[in-house]
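Here is the structure we will look at, set down as structure tokens.
The values are calculated or read from the model by the stated rules, or taken from the named source; none is laboratory data. All values derive from a computational prediction rather than experimental measurement. Reconstructed Cβ throughout: ideal geometry from the backbone, glycine too, with neighbour counts over all protein chains shown.
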Amino acid sequence: MSNPHSGLPPSLLVSEEDAARLDALLENPAWRREPAAQALQEELLRARILPASGMPDDVVRMHSRVDCVDADGTRRTVTLVYPHEADAAAGRVSVLAPVGSALLGLSVGQRIDWPRPDGGTLSLEVAAVHPRDAAA
């Protein structure tokens, strides 16, 4: 967990499988121009990549269902998905959405502040990570 006063983002863990699929996604010209693609690339560059068997259960991975709490105490549950699987009404958040790329690789108890399009800041803490959605 990062020191909230250090200004450094929290450390990230990403599985080899997720890293490979996300790298391929970022190579696709259809997605490379998305505003969050650069942010996702930066997240992947600073992440520790681990074999899937070495990933802790409390780390947000692709297809994880995540309970988050924002700064005002509002709880949200989202599932982190690839762009073609996104469905905001169903709580399926694309990894290329700002909050999606921010959540990838975080573990329970970590918090991230992320700029919102309106100029404000979204502050989310990971409260729980549920098993990956096997249907996805």
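Can you spot a residue in the stretch 74-84 that is exposed (fewer than 12 other Cβ atoms within 10 Å of the Cβ) and either within 10 Å of the chain's Cα centre (by Cα) or farther than 24 Å from residue 30 by Cα (or both)? Scanning the stretch 74-84 turns up at least one residue that is exposed (fewer than 12 other Cβ atoms within 10 Å of the Cβ) and either within 10 Å of the chain's Cα centre (by Cα) or farther than 24 Å from residue 30 by Cα (or both). If the condition is being over 26 Å from residue 90 (Cβ atoms) and not charged (D, E, K, R), then the stretch 38-77 contributes 38, 41, 45, 47, 49, 50, 51, 53, 54, 56. Determine if the stretch 57-78 includes at least one residue that is free of Cβ contacts under 8 Å to residues at least 24 places away in the same chain and in a helix (DSSP H, G or I). The answer is no; no qualifying residue exists. Scanning the stretch 79-90 for residues that are in a loop (DSSP other than H, G, I, E, B) and without any contact (Cβ under 8 Å) to a residue 24 or more places away in the chain returns a single hit, 86. Total residues in the stretch 101-133 satisfying the condition of being part of a loop (DSSP other than H, G, I, E, B), over 16 Å from residue 11 (Cα atoms) and touching a helix residue (DSSP H, G or I) at 6+ places or on another chain (Cβ under 8 Å): the figure is 2. Do the conditions hold for residue 37, that is, is it small (Gly, Ala, Ser) and either crowded, with 17+ Cβ neighbours inside 10 Å or not in a helix (DSSP H, G or I) (or both)? Spelling it out, residue 37 is indeed small (Gly, Ala, Ser) and either crowded, with 17+ Cβ neighbours inside 10 Å or not in a helix (DSSP H, G or I) (or both). Taking first residues from the stretch 96-123 that are under 20 Å from residue 81 (Cβ atoms) and partners that are surrounded by 12 or more Cβ atoms within 10 Å (Cβ to Cβ) and hydroxyl-bearing (Ser, Thr, Tyr), the Cβ contacts under 7 Å between residues at least 6 apart in sequence or on separate chains come to 100/94.
Please work out if residue 21 is at pLDDT 85 or above, of a type in the set (D, E, K, R) and part of a helix (DSSP H, G or I). Give the derivation first.
Values: at pLDDT 85 or above: yes; of a type in the set (D, E, K, R): yes; part of a helix (DSSP H, G or I): yes.
In short, yes.
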